[in-house]
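Novice: Take a look at the following structure, please.
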Amino acid sequence: MLKLPVSNDDHIQGKKNAPITFVEYGDYECPFCGNAYLIIKQVQEHFGTNLRFVFRNFPLTEIHPLAKSAAYFAEFAGSQGLFWEMHDLIYENQASLSMELLFKLAESLALSSKKLKDALAKQLFEQKIQNDFISGVKSGVNGTPTLFINDYRYPGPVEFEDLVSAISEMVKIKT
């Protein structure tokens, strides 16, 4: 079960009252999350306004040294109202992820490099990222991507047909 309910502290796409809440604990450097990114986009399109998608940071820093930095960049963009734009850009450019690329992506969104560097130096988003991570651990997350459908952990393969089937069964929505 998802231990920390979705709240205004989360990054949410979709309507607040959507019958489906789909939560991902993800790592921006994880190749499995990179694959899931495209599939989740398809699932979002399939269910439309019936689904709200929530992304929570779960950087596995021991095996993905840039995951936490990427989370910082996404959180900084979020503080400027551009979380989802940065989130998408990071995943769409995951194969060439580097600090240089992260700064270029921020620049492409017209984010202030001075404010960004200041936020990074002061670790302004450490608590948010840590809160996401801890909520994942409390919910039994130990790898990425880990998905929850209406608070229940989804144990199956991260494939379009499997996700659509599981979501439809859980919420009884005809597809």
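The values are calculated or read from the model by the stated rules, or taken from the named source; none is laboratory data. Remember, predicted model here, so these are calculated numbers, not experimental data. We place every Cβ from the backbone using ideal geometry, glycine too, and count neighbours over all the protein chains shown. When the accessible area is computed, the model is the full protein with side chains, heavy atoms only, and any ligands, DNA or RNA have been set aside. Shrake-Rupley method; radii C 1.70, N 1.55, O 1.52, S 1.80 Å.
Novice: Suppose we keep only residues that are among the polar types (S, T, N, Q) and touching a strand residue (DSSP E or B) at 6+ places or on another chain (Cβ under 7 Å) within the range 140-175. Which one would you say is most open to solvent (accessible area, probe 1.4 Å)?
Specialist: Here is the first cut: in the range 140-175, the residues among the polar types (S, T, N, Q) are 142, 144, 146, 150, 165, 168, 175.
Keeping just the survivors that are touching a strand residue (DSSP E or B) at 6+ places or on another chain (Cβ under 7 Å) gives 144, 146, 150.
On the way: 144: 20, 146: 6, 150: 43 Å².
Out of the qualifying residues, it is 150.
Novice: State yes or no: is residue 94 crowded, with 17+ Cβ neighbours inside 10 Å, more than 29 Å from residue 19 (Cβ to Cβ) and of a type in the set (S, T, N, Q)? Quick ask: steps written out before the conclusion?
Specialist: Values: crowded, with 17+ Cβ neighbours inside 10 Å: yes; more than 29 Å from residue 19 (Cβ to Cβ): yes; of a type in the set (S, T, N, Q): yes.
For residue 94, the condition - crowded, with 17+ Cβ neighbours inside 10 Å, more than 29 Å from residue 19 (Cβ to Cβ) and of a type in the set (S, T, N, Q) - is met.
Novice: If you don't mind, another one. Under the condition of being acidic (Asp, Glu) and under 17 Å from residue 67 (Cα atoms), which residue from the range 111-139 is most open to solvent (accessible area, probe 1.4 Å)?
Specialist: Only one residue tops the list, namely 126.
Novice: Would you mind telling me which numbered condition in (1) within 18 Å of residue 32 (Cα to Cα); (2) out of contact with any helix residue (DSSP H, G or I) (no Cβ under 6 Å at 6 or more places or on another chain); (3) free of Cβ contacts under 8 Å to residues at least 12 places away in the same chain residue 147 fails?
Specialist: (3)
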